[in-house]
Amino acid sequence: MKKRSAEDLRSQRWFGADTLKAFMHRQRMQQVGHGRDEFVGRPIVAILNTWSGLSPCHAHLRDRAESVARGVIASGGFPVELPVMSLGEVMVKPTTMLYRNMLAMETEEVLRSHPVDGAILLGGCDKTGPGMIMGAVSAGLPCMFVPAGPMINATWRGEKIGAGTHSKQYWEEYRAGTITQKDWIKLETGMTRSVGTCNVMGTASTMTLAIEALGLSPMGAASIPAVDADHQRMATAAGRRIVDLIWEDCTPAKILSRESFLNAIVAIAGCGGSTNAAIHIIAMARRAGFSITLADFDAIGRKIPLLVNLMPAGEHLMADFHFAGGLPAVLNELRDHLHLEALTVSGQTLGSAIADAEAPDRAVIRTLDTPVSTLPAYAVVRGNLAPDGAVIKPTAATARLLQHRGPALVFENPTDMTNRIDDPALEVTEDTVLVLRNAGPLGGPGMPEWGNLPMPKRLLAKGVRDMVRISDARMSGTHYGTCVLHVAPEAAIGGPLALVQDGDIIELSLEERRLSLLVSEEELARRRKKWKAPAPTASRGYSKLFAEHVTQAPEGCDFDFLEGAGGVKDFIIY
Ligand code: FES
C-alpha cells in the first residue's frame, strides 16, 4: 500500500505550520516534557481507554495502554492516552445500552477534536466494543480495537462455572431452596476470579469476536485471557501496527464491506453468540453505510451450526476456547461460508489470516460434521405480535418449548413483574407464556436486559426451570432460556405487545419462524383504540436526546442522525 509522508498527517494541521496557533500547540505539548521531535511529523496515536474504577472488566486497561504505547513508540509514532466513557455492564444503571450511543458520540468527537492520526480502542465489556467501533467508523481515522480479554476460569465443587451464566442459574436454585446462603456467598467471591470480561459466550465475547471477524482487531486477540502475558504482547503489537495503518491511510472504510459484516454474523453464529449482536452489528453496519437486517441473521442462522461448546449453550469457558484455537480455528472450519477476500487490519485478507489456524481441542471447537447443535444460534420470528421481528437464541432454549402455545401472563413493566412474580397466588403454570412490556428502547428506557424473566417461585418449587418468555427487552448473552426478545415495534410506541391481555393465547413456532397472538383483528382494533402511551421516561439531558432519536431494535437502536457513512470533516484551525 502506498505510504503517505509526514506532511500528509492530520496532526500536522495542529503542529506542522509556522503560525501562532501551531506554536501554541507545540508549546503546550512541550510544557509537559515532550520533546518537539517526539511528536512533530510523527503519527499521533490516540489510545482511547474505557478504564474506570467501576469497570472490573477493564481494570487492567491502564496497564494495557502502556503496552500499546510501547508498540507505538517502537514504530516511530507518538501515543496519547485519552479517557472515554466507561460502561461497566453490571454497575451502570438503568442499562449500559442507554449509553452505548453516548460512548459512540464521545469516541467520534474525541477523535475529531484532537490532533490525532489514528486510534487504538481499548474496550471489551458489552457495549464498549460496538460503541467505540460505531464512533471510530464515523470519525473515519485508521483504528484498531484491542479487546480487554476474558477473565480466567472458575470452578465450584469440581464444575466449571461461568460469569453471569451461573449467577443466574444458582440464583434460581437459591430461590428454590436447593442451595444454602453459605453456598451463595461462596459463589459471590468465587465466580469472577480475575479482571477481564465475562468468560462465557456472553455479549462481551460475542462482540469482541464479531469485531475480530470484521477485521478490526488482531486475529486471535478476542479470546486471549486478560491476565495472560500474551495479552500484553498482543497490545504492543497492535501499537506497532496502528502506526503502519496511519502511514497507509488505511481507514475503516477501506477495510469494511457488507461482506465483512456477513462474516461477523457467520462467526458468531458458529460461536453461539449473544442475541445482542443482532442490534450491535446492524448499528455498526449502518454507521459504515451498509444495510444489514434481521433477515441476514436468520438466513445465516439457518446455515451455520453451533461449533463452539461454550456456556451458556455448552460446557466450557473462554480460556478453553482460546487454547482450543480461538476464532481463527472457528473461521477456518467455516471458511466455505465466509467472504475470504474481506480485508483485515493486519493487511491480509481474512482467508490468509486464518490459513494456518489450528484446532487442537475438538471438545471445545467442533467440526462441521460434529457440531454442538444444529439448532441456529439466531432465529428471527415474525407475526402479528412482532410485525417487525423478534429474535430468539434456540441453542440456549429448551427444545420442546420452541413450538409452544399457551396463555399469556402480562407484566406491565419490570416493577409490576418484581412485585408479583413470586406471589404464591399468581395464576401461572409451566405452559403460561410470561410477557413483559414497556422494556424496549423507549420504554425501558434503553432496552435493559430484562428479557430473561425470572421463574415464578411457585414453579421453581415444582422443578420448572424454563418457560416461554416474551418481551421488548434484551437478554444478557450470559443467560439462557426460551426467551423471545427485541419484539418490534416495542409496546411503548404502540406495538402489538401493548395490546396483549392475561389469558390471550400466544403461539411460538421456531419451525415457521412465527410469533402469533391468537386474538381477532377486530378485538385488537378495539384494544388499540383504548390504548394510551405510557408517560415519557425522560424530560431533560441525554435521556431526552435518546428518547427523541433512538431507533427500534431492528434498526440497531442508533440515533437517527448518526447513521450513514461518516468520515472526519476537520474543523478549521484558525
Ligand atoms: Fe463486563 Fe460481563 S460484565 S463483560
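The values are calculated or read from the model by the stated rules, or taken from the named source; none is laboratory data. Everything numeric here is computed off the predicted structure, so don't read it as measured data. Virtual Cβ from ideal backbone geometry, glycine too; neighbours counted across all protein chains shown.
A quick yes/no check of all residues on (1) in contact with a His (Cβ under 9 Å, 6 or more places away or on another chain); (2) away from the ligand (no atom under 16 Å from the Cβ); (3) over 22 Å from VAL195 (Cβ atoms):
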{"residue": "LEU61", "(1), (2), (3)": "no, no, no"}
{"residue": "ALA65", "(1), (2), (3)": "no, yes, no"}
{"residue": "ALA69", "(1), (2), (3)": "no, yes, no"}
{"residue": "ILE73", "(1), (2), (3)": "no, yes, yes"}
{"residue": "GLU81", "(1), (2), (3)": "no, yes, no"}
{"residue": "GLY88", "(1), (2), (3)": "yes, no, no"}
{"residue": "PRO94", "(1), (2), (3)": "no, no, yes"}
Notebook entry, point to check: Tell me, which residue of the range 377-410 that is out of contact with any Asp or Glu (no Cβ under 7 Å at 6 or more places or on another chain) and of a type in the set (Lys, Arg) is farthest from VAL266 (Cα to Cα)?
Noted result: ARG400
Checklist line | Residues that are under 18 Å from ALA353 (Cα atoms), β-branched (Val, Ile, Thr) and within 16 Å of the ligand (Cβ to nearest atom), drawn from the range 201-258 | finding: THR208, ILE211, ILE224
Next item on the list: Name the one entry in ILE120, ILE44, ILE73 that is under 20 Å from CYS143 (Cβ atoms) and within 22 Å of the chain's Cα centre (by Cα).
Entry: ILE120
Note to self: Pairs please, first residue from the range 211-233 and under 17 Å from ALA324 (Cβ atoms) and touching a residue at least 24 places away in the same chain (Cβ under 8 Å), second anywhere and crowded, with 21+ Cβ neighbours inside 10 Å and of a type in the set (Phe, Trp, Tyr), Cβ atoms under 6 Å, 6+ apart in sequence or on different chains.
What the structure shows: SER223/PHE321
Checklist line | Tally of residues being more than 24 Å from TYR378 (Cβ to Cβ) and in a loop (DSSP other than H, G, I, E, B) across the range 190-210 | finding: 6
Note to self: Condition (residue is in contact with a helix residue (DSSP H, G or I) (Cβ under 8 Å, 6 or more places away or on another chain), assigned to a loop (DSSP other than H, G, I, E, B) and either among the hydrophobic types (A, V, I, L, M, F, W, C) or surrounded by 23 or more Cβ atoms within 10 Å (Cβ to Cβ) (or both)) applied to the range 313-320: is it met by at least one residue?
What the structure shows: yes
Next item on the list: Please work out which one of (1) in contact with a strand residue (DSSP E or B) (Cβ under 9 Å, 6 or more places away or on another chain); (2) free of Cβ contacts under 8 Å to residues at least 60 places away in the same chain; (3) among the β-branched types (Val, Ile, Thr) is the condition VAL90 fails and give its number.
Entry: (1)
Check: List, please: which pairs have Cβ atoms under 7 Å, are six or more places apart or on different chains, and start with a residue in the range 547-566 that is surrounded by 15 or more Cβ atoms within 10 Å (Cβ to Cβ) and end with one that is at pLDDT below 95 and of a type in the set (Val, Ile, Thr)?
Finding: ALA547/THR537
Check: Do you know which residues across the range 209-233 are surrounded by 21 or more Cβ atoms within 10 Å (Cβ to Cβ) and either under 18 Å from GLU341 (Cα atoms) or polar (S, T, N, Q) (or both)?
Finding: ALA210, ILE211, GLU212, ALA213, LEU214, GLY215, LEU216, SER217, PRO218, MET219, SER223
Check: Of the residues THR192, THR197, which is within 16 Å of the ligand (Cβ to nearest atom) and crowded, with 23+ Cβ neighbours inside 10 Å?
Finding: THR197
Next item on the list: Filter the range 134-156 down to the residues that are assigned to a helix (DSSP H, G or I) and in contact (Cβ under 8 Å) with a residue 60 or more places away in the chain, then identify the one that is nearest to the ligand (Cβ to nearest atom).
Entry: MET134
Notebook entry, point to check: Mind checking which residues of the range 157-189 are within 16 Å of the ligand (Cβ to nearest atom), of a type in the set (Val, Ile, Thr) and either touching a Pro at 6+ places or on another chain (Cβ under 9 Å) or outside any strand (DSSP E or B) (or both)?
Noted result: THR165
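Here's the yes/no breakdown for (1) in a loop (DSSP other than H, G, I, E, B); (2) in contact with a Ser or Thr (Cβ under 6 Å, 6 or more places away or on another chain); (3) over 27 Å from ALA204 (Cβ atoms):
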site	(1), (2), (3)
PRO424	yes, no, yes
GLY444	yes, no, no
ASN452	yes, no, no
GLY463	yes, no, yes
ILE470	no, no, no
ALA473	yes, no, no
GLY477	yes, yes, no
TYR480	yes, no, no
Notebook entry, point to check: Being more than 16 Å from the ligand (Cβ to nearest atom), surrounded by fewer than 24 Cβ atoms within 10 Å (Cβ to Cβ) and of a type in the set (Phe, Trp, Tyr), is that true of even one residue in the range 48-55?
Noted result: no
